[in-house]
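Report on the following structure.
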Amino acid sequence: MKTVDVFIAGGGPAGLAAAIAARRKGFEVAVADGARPSIDKACGEGLMPSAVECIGRLGVSVPAEHSAPFRGIRFCGAGVAVHASFPSGTGLGVRRTMLHALLAEHAERADVRLLWSTSVTAIDDDVVRFNGGESLRARWIIGADGSGSRVRRWAGLDSAARFSQRFAFRRHYRRSPWTRCMEIWWGEACQIYVTPVTADSVCIALMSRDSRLRLDDALPHFPELMKRLDGAEILTAERGAVSVTRKLRHVQRGRFALIGDASGSVDAISGEGLSLAFQQALSLADALEARDLRAYEVEHRRILRRPSFMADFLLLLDRVPAIQRRALPALAARTRVFEQLLAMHVGELPILRFAGATAALSWRMIAG
């Protein structure tokens, strides 16, 4: 029976990043996935500056002709717009298929054993079994198989302290980006994200709690955005996904560890999904090198803490339209507060100082 140091179930961005990080530590790594590259998923397709920094540490670069930089975040809603630049670094819009292809290519060059069209059917202690009757033995087994992770269930790590979900739908338009920011358009029952992904195309992603709501239903409620997209060629069919908020009690046990959405996730409103996965990949590689998966669990909690806090704050605007209608004009009137919120969002302002920014925002809302 063939043996590897690290076996990773799931060949999406999280699994490939974990494989690349582990190979850089000298481990022999295999990755299996039932699909073949390039693997797509409905998402906003914006990499926050921390995600850009992490893939750089993995040795992966995104060609300029297949991406579009953005310098900050812009909120639009309640008749106002407010934007702020990142305190440092730049975000990057890139098609999910392009990002996956780049990661897969880099993993192949790093001599990761890539088992595409290969589904994991069972795990017995250190033996991983695949469709077709093949198997291999692994010292460590990593679940990177998404929010419905079977590895998580097999490892006995499925117990969650928190669970909720929303729904996402995405498509692309041939339209030159009109701003150097990623935009979030706020409605009373949804948000629409606009991310530049190339010099002549944008990604439009809808988020809501209504699984039946589609882009064609939602866009008429955003007339200014509709006007910008008027006449633009639709490049891709609408694609859906579920955005899950899940907090697990543990993300490691024995020889098992979880990464990416398999390990718990925050709502996509944070824009941090890929950044979290890439940070976890680097942390997991360090823990494997130290032979201490408990250290990974401690670091995993730390990595998730700030995005979870920020997602809860932003979801308050989603749940309570009255707060949204007062908060957005208040932020537009106090742009410094919005700058502080963004600095906290990207980890360059401590959470405790965030309390001061929210106090100033609350006073502005009360004062009208």
- Note on the structure: Going through segment 254-279 in order, the residues found to be on the phi > 0 side of the Ramachandran plot and either over 12 Å from the mean Cα position of the chain (by Cα) or not in a helix (DSSP H, G or I) (or both) are Gly254, Gly264, Gly271
- Item | Enumerated helices (runs of 4 or more DSSP H) restricted to segment 281-368, each holding at least 2 residues that are of a type in the set (A, V, I, L, M) and modelled with pLDDT of 85 or more | 293-319, 321-333, 335-345
- Message: Yes or no: segment 96-113 includes at least one residue that is over 25 Å from Leu317 (Cα atoms), of a type in the set (Gly, Ala, Ser) and out of contact with any Leu (no Cβ under 8 Å at 6 or more places or on another chain).
- Response: yes
- Within segment 24-48, can you find the residues that are farther than 24 Å from Ser208 by Cα and surrounded by 22 or more Cβ atoms within 10 Å (Cβ to Cβ)? Val29, Val31, Ala32, Asp33
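Within segment 40-66, how many residues turn out to be among the small types (Gly, Ala, Ser) and closer than 17 Å to Glu183 by Cβ?
Result for segment 40-66: 2.
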- Message: Being over 25 Å from the mean Cα position of the chain (by Cα) and of a type in the set (Lys, Arg) is the filter here; which residues of segment 216-247 pass it?
- Response: Lys227, Arg228
- Conditions (1) modelled with pLDDT under 95; (2) of a type outside the set (A, V, I, L, M, F, W, C); (3) touching a Pro at 6+ places or on another chain (Cβ under 6 Å): number failed by Pro196: (1)
- Number of positions in segment 224-253 that are within 25 Å of Arg301 (Cα to Cα), part of a loop (DSSP other than H, G, I, E, B) and touching a helix residue (DSSP H, G or I) at 6+ places or on another chain (Cβ under 8 Å): 2
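Every residue, every condition in (1) in contact with a Gly (Cβ under 7 Å, 6 or more places away or on another chain); (2) among the aliphatic types (A, V, I, L, M); (3) at pLDDT below 95, yes or no:
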{"site": "Glu108", "(1), (2), (3)": "no, no, no"}
{"site": "Arg113", "(1), (2), (3)": "no, no, no"}
{"site": "Val120", "(1), (2), (3)": "no, yes, no"}
{"site": "Asn131", "(1), (2), (3)": "no, no, yes"}
{"site": "Arg137", "(1), (2), (3)": "no, no, no"}
{"site": "Ala144", "(1), (2), (3)": "yes, yes, no"}
{"site": "Ser149", "(1), (2), (3)": "yes, no, no"}
{"site": "Ala160", "(1), (2), (3)": "no, yes, yes"}
{"site": "Phe163", "(1), (2), (3)": "no, no, yes"}
- Query: Which is of a type outside the set (Ser, Thr, Tyr) and surrounded by fewer than 24 Cβ atoms within 10 Å (Cβ to Cβ), of Gly260, Gly264, Gly231?
  - Reply: Gly231
- Could you identify the single residue in Ala138, Ala144 that is under 21 Å from Thr97 (Cβ atoms) and buried (at least 19 other Cβ atoms within 10 Å of the Cβ)? Ala144
- Query: Which one is surrounded by the most Cβ atoms within 10 Å (Cβ to Cβ) among residues in segment 280-306 that are more than 19 Å from Trp140 (Cα to Cα) and under 15 Å from the mean Cα position of the chain (by Cα)?
  - Reply: Ile303
- List every residue pair whose Cβ atoms sit under 6 Å apart, with the two residues 6 or more apart in sequence or on different chains, where the first one lies in segment 293-320 and is free of Cβ contacts under 8 Å to residues at least 24 places away in the same chain and the second, anywhere, is surrounded by 16 or more Cβ atoms within 10 Å (Cβ to Cβ). Ala295/Ala287; Glu299/Ser283
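Condition check ((1) at pLDDT 95 or above; (2) within 25 Å of Gly133 (Cβ to Cβ)) across all residues:
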| position | (1), (2) |
| --- | --- |
| Val6 | yes, yes |
| Leu16 | yes, no |
| Ile39 | no, yes |
| Ala78 | no, no |
| Leu99 | yes, no |
- Given (1) over 14 Å from the mean Cα position of the chain (by Cα); (2) within 21 Å of Lys25 (Cα to Cα), number of the condition Ile192 does not satisfy: (2)
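The values are calculated or read from the model by the stated rules, or taken from the named source; none is laboratory data. Note that the structure is predicted; figures quoted are calculated from it, not measured. Note that each Cβ is placed from the backbone with ideal geometry, even for glycine, and that neighbours are counted across all protein chains shown.
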